[in-house]
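*Asks:* My questions all concern the structure below.
The values are calculated or read from the model by the stated rules, or taken from the named source; none is laboratory data. Please read these numbers as outputs of a predicted model, since none were measured by experiment. Reconstructed Cβ throughout: ideal geometry from the backbone, glycine too, with neighbour counts over all protein chains shown.
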Amino acid sequence: MSGLSLKLAVQTWLRTRGGVHPPECKDTAAMPIRTIPAPARLYLPLKQHIGAEAKPDVVPLQLVKKGQVLARGQGSVSAHVHAPCSGHIADIVEYPAPHPSGLPMPVLVIENDGRDDADEMPVAKHPHLLAPEDIAARVQAAGIVGLGGATFPAAVKMNLGQAKAVDMLIINGCECEPYLTCDDRLMQERAAGIADGARIMAQALNIVGAPDVIIAIENNKPEAIAAMREATAGWRHVDVVPVPTQYPMGAEKQLVRYLTGREVPAGKLLADVGVLVQNVGTAYAVQQALRTGMPLVSRIVTVAGGAVARPGNYEVPIGMRVSDVLAHCGLVCEPARVVMGGPMMGHALGHPDAPVVKGTSGILALTAGEVRAEAERPCIRCAACVDACPMGLLPVTMASLLKSDKLDEALGIGLSDCISCAACSYACPSNIPLVHYFNYGKGEVVAKREAKRKDEEIKRLIEEHRVRMAAIEREKAEAAAKRQAAMEKQKAEKAAA
Amino acid sequence: MPATTAPHTSGPRSVGFIMAMVMLALVPGTLLGIAQFGWPALNLFVLTIATALAAEAASLIVAGKPVRVALMDGSAVLTAWLLALSLPPWAPWWIGVVGAMFAIAIGKHLFGGLGQNVFNPAMLARTVLLISFPVEMTAWIAPQPMFSAHAPGFSEGLAITFGQLHLDAVSSASLLGHVKTTLGIDGHAPLPAIIAGSFHPLASFMGTTAGSLGETSALLFIAGGLFLIYLRIISWHIPAAMLATVGLLAWATHLANPLHFSPPLFHLLNGGLMLGAFFIATDPVTSPVSNNGKLVFGAGCGVLVFIIRQWGGYPEGVAFAVLLMNAATPLIDHYIRPRIFGRTLGGEPLPVAGKEGP
């Protein structure tokens, strides 16, 4: 073993925990990105990000241009929605969400006029020389969210980077989910754009001196590594670092730990250890917005799975229905399951008409053989889940506590630290849907907290009401007493007279 | 309808695969044992496994659980296999039958079936047999390799298994038993002399000594155990901790008083220690789930094995040691947990670097 690979092995051993190695299934990595033209109608959800729903800025029948703001982000954590094509607003309706439930959510429907009249944002001549606030403002105006799947508004993250002492920007090109190759292709084909975007985002960190920029790519993507190295050749403070191929290497906390040795304390943010992580797709979207003025209206989506006739990477307009995308790529058989995202953390679609959103990295039409949905069997406590957990949790114990409704005890041994990566479920020889229990448990915690908040709010209102009523009563009593006193005084005076 | 939540793929391992690999790892040691002790050993082995399968099916039917899937997962066969390896090879048929029934019906299904039992079912059954039927359970014989001149033939073998034939002539104590009983006699020879006269490390290592099927070849059970560690079906923690503890205790006590304490190699190579360390203490259902917990569990087994062998009433203590530590497993799992990412060992969030913690 050479010195370098020994060093890598030691670093991997010291700085990673758990993890699994699912079959990669990344055949689409060799397939160039092709563009799918915008279909006749697009369906744009008002909420495609973490945070508050955007508010429509248009009315039905209004003519819109490509790139025009259709809905504005509300509150501190939110994002705008832009038109991916020109045409007119056909309707604002409730439409199936890209979510397992398929429940409806408010969606803007655009009728495409096919003319592609564009309305770009103003562009600065030297974006990387702009003030940090200015860069963040432009990123916000472009509606950019984390394109790795978490869809956290990018500008909010950048502002956070300014507020905290962040000295390192990590561009995440790990793409550790099986099947997905959209980031890989983007790096292979548009490395210069990603590098430029990374430099612009580093500028926005607002720190004295140049921050370190690390572009992290799993070592199963040699072409992407070579392309990014070429694109960043000669840049100081930029490092392209191959990382071991291991799921979930691309999880932010795990990646930061591996690259820097810094461990994000429980309940804290990456910025608290001085690091900001952005996905390669996000870096590219930032570059596009600041260089060409085109906001986030399309993204690269990996379309794959055994049921797809023409799998590959496609640049898809946001708002295109999954059923339209699959019709474009063709199906060889009826898929057993259609998944949005990767097979480890993506969700099965409740409705095939759900639209592609900003966070859609993949559309997988999986056959029954690929899904391997087998019946759940008893737990034999083999601890494969314990070995797989990248957070050092005991999935076996948490699951048995949750099964017997001991939510508080499960929280006591780390339920809230679970990152839902599903490595435990993958490793389980008894096909126990462990991560499903944990997502349920975490949902219960949120629901209970919300219920408690409401409860306290009601108590507060009742108490206020009581105080108010008591004050009124007191005032009344005082007024009555005064009146009484006055009357008695009058009586006394009369009597005296 | 199966759950359609993530992940939308699953790993290649199944419970059946794990059980099959453990059995595969047991094959060499078992074959050698059967070859050594001939037809009666094979009869007992087959009977024990057949009874376990029948008991499993009956228990599943009584519990109203699906029968075929559970029978196919191999867990009942493995339990019976381990039990058979721990019995005297020429024991009568009913020892295997009663043991297998007890292991499956009471040791496993009474607790709720696969994955629910607190105690290792095979060791529970062995212990019950040893206490209930001490004569049959301590009737060891010297190896009579199959097809050798003095070995019983097929029909003789059946006669031995079904209690028609007693062969006192070939009975022989296991080495651990020999040392224990000899030391107990007044005016006995000093320990080094007893050991020098009876303990041949190579024989114990290769497995040409008296004992149960699983107490013979240390070599083949080590090989099987390493195979399972290589496949990551068991982790190294329990066997390493258990063997190291026994070895260290034996080494230290032997160093202090060689006239009273046997040397470490004697402890490591004799009895069921290797089978116990690699195949029995590592039973996932009854051992802790965390790696540090496994180290504690293994060390506890090692200490108990040594104490029982040295000062207990029985010459061998692997089964007792494992059962006692099985009882401690929930406690170990409660107190010994891995450090959670971003937290201290105590579960508090790590302090933010450069700032005072809360």
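*Asks:* Hey, does segment B:325-340 have a residue that's under 30 Å from B:S212 (Cα atoms) and within 14 Å of chain A (Cβ to nearest Cβ)?
*Replies:* yes
*Asks:* Given the options A:Y258, A:Y247, A:Y284, name the one that is of a type in the set (F, W, Y) and closer than 19 Å to A:G161 by Cα.
*Replies:* So the residue among A:Y258, A:Y247, A:Y284 that is of a type in the set (F, W, Y) and closer than 19 Å to A:G161 by Cα is A:Y284.
*Asks:* In addition: So for segment A:443-458 (the condition being in contact with a Ser or Thr (Cβ under 9 Å, 6 or more places away or on another chain), within 25 Å of A:A266 (Cα to Cα), surrounded by 10 or more Cβ atoms within 10 Å (Cβ to Cβ) and within 14 Å of chain B (Cβ to nearest Cβ)), does at least one residue qualify?
*Replies:* So far as segment A:443-458 goes, no, none of its residues is in contact with a Ser or Thr (Cβ under 9 Å, 6 or more places away or on another chain), within 25 Å of A:A266 (Cα to Cα), surrounded by 10 or more Cβ atoms within 10 Å (Cβ to Cβ) and within 14 Å of chain B (Cβ to nearest Cβ).
*Asks:* I'd like to know if segment B:342-358 contains one or more residues that are within 9 Å of another protein chain (Cβ to nearest Cβ) and under 24 Å from B:L129 (Cβ atoms).
*Replies:* The answer is no, given that none of the residues of segment B:342-358 is within 9 Å of another protein chain (Cβ to nearest Cβ) and under 24 Å from B:L129 (Cβ atoms).
*Asks:* Filter segment B:60-89 down to the residues that are surrounded by fewer than 22 Cβ atoms within 10 Å (Cβ to Cβ), in a loop (DSSP other than H, G, I, E, B) and within 14 Å of chain A (Cβ to nearest Cβ) and list them by number.
*Replies:* Scanning segment B:60-89 gives B:K65, B:P66, B:G74.
*Asks:* Further question on the same structure: What residue, among those in segment B:243-266 that are buried (at least 22 other Cβ atoms within 10 Å of the Cβ), at pLDDT 90 or above and over 14 Å from the mean Cα position of the chain (by Cα), is nearest to B:T182 (Cα to Cα)?
*Replies:* B:A250
*Asks:* Across segment A:360-383, what is the total count of residues that are in contact with a strand residue (DSSP E or B) (Cβ under 6 Å, 6 or more places away or on another chain) and within 9 Å of another protein chain (Cβ to nearest Cβ)?
*Replies:* 3
*Asks:* Could you grab me the full set of residues in segment A:384-423 that are in contact (Cβ under 8 Å) with a residue 24 or more places away in the chain and of a type in the set (G, A, S)?
*Replies:* A:A384, A:A388, A:G392, A:A399, A:A410, A:S416, A:S420, A:A422, A:A423
*Asks:* Further, regarding this structure: If I go through segment B:301-327 residue by residue, how many of them are outside any helix (DSSP H, G or I) and closer than 12 Å to B:G276 by Cβ?
*Replies:* The total comes to 2.
*Asks:* Can you tell me which residue is surrounded by the most Cβ atoms within 10 Å (Cβ to Cβ) among those in segment A:291-318 that are farther than 27 Å from A:R372 by Cα and of a type in the set (S, T, N, Q)?
*Replies:* Across segment A:291-318, the extreme among qualifying residues is A:S298.
*Asks:* I've got another one for you. Kindly indicate the residue of segment A:252-268 that is under 18 Å from the mean Cα position of the chain (by Cα) and within 10 Å of another protein chain (Cβ to nearest Cβ) and also surrounded by the fewest Cβ atoms within 10 Å (Cβ to Cβ) among those meeting that condition.
*Replies:* A:G267
*Asks:* Mind checking which residues of segment B:1-43 are at the interface with chain A (Cβ under 7 Å from one of its Cβ atoms), over 20 Å from the mean Cα position of the chain (by Cα) and surrounded by 24 or more Cβ atoms within 10 Å (Cβ to Cβ)?
*Replies:* Hits for segment B:1-43 are B:A6, B:P7, B:H8.
*Asks:* Let me ask something else. Within segment A:384-412, how many residues are away from every other protein chain (no Cβ under 12 Å), surrounded by fewer than 23 Cβ atoms within 10 Å (Cβ to Cβ) and in a helix (DSSP H, G or I)?
*Replies:* 4
*Asks:* Only one of these conditions is not met by B:G312: (1) modelled with pLDDT of 90 or more; (2) away from every other protein chain (no Cβ under 12 Å). Which number is it?
*Replies:* With respect to (1) modelled with pLDDT of 90 or more; (2) away from every other protein chain (no Cβ under 12 Å), B:G312 is out only on (1).
*Asks:* Return the only residue of A:V286, A:V332, A:V325 being more than 14 Å from chain B (Cβ to nearest Cβ) and touching a Gly at 6+ places or on another chain (Cβ under 7 Å).
*Replies:* Values: A:V332 fails: touching a Gly at 6+ places or on another chain (Cβ under 7 Å); A:V325 fails: touching a Gly at 6+ places or on another chain (Cβ under 7 Å).
Being more than 14 Å from chain B (Cβ to nearest Cβ) and touching a Gly at 6+ places or on another chain (Cβ under 7 Å) holds for just one of A:V286, A:V332, A:V325, which is A:V286.
*Asks:* Hey, could you check segment A:1-20 for residues that are in a loop (DSSP other than H, G, I, E, B) and loosely packed, with under 13 Cβ neighbours inside 10 Å and say which is modelled with the highest pLDDT?
*Replies:* A:S2
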